[in-house]
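As structure tokens, the structure follows; a few thoughts come after it.
What follows is calculated from the coordinates using simple rules that are stated; it is not laboratory data. Computed from a prediction, not measured in an experiment: that's the story for all the values here. With ideal geometry, Cβ positions are generated from the backbone for all residues, glycine too; neighbour counts draw on all protein chains shown.
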């Protein structure tokens with residue numbers, strides 16, 4: 001009976017040791033989970049700021065695109081033949097053997113009013 005009592009005490013001690021090891025492991029996991037949570041919270045803040053910056057940039061781009069469109073429309077209304085005249089000047093310069101934009105720009109500058 002002494003041997004079985006000793007064996008039970010040994011088993012209880014082993015179970016206590018295993019429980020202590022398990023408890024230590026759970027505490028380590030809890031600590032790691034806290035670190036991961038803090039990291040995710042920090043990254044979430046960064047992503048929210050990035051989203052705000054992207055939204056601002058998108059708004060700025062939309063505004064600039066609208067302004068450019070209005071400017072183009074206004075120029076077309078004020079100078080409806082400018083683009084066609086400029087294209088004809090490029091073609092005329094090419095026919096006369098002038099190469100590149102310099103020749104076309106010279107032809108454009110010499111066009112009759």
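With all pairs of different C-alpha atoms in the average, the Kirkwood value for the hydrodynamic radius of region 1-67 is 17.1 Å. Taking R0 as 41 Å, what FRET efficiency do you get between residue 18 and residue 48 from their Cβ-Cβ distance, rounded to the nearest 0.05? Efficiency computed from Cβ-Cβ geometry: 0.40.
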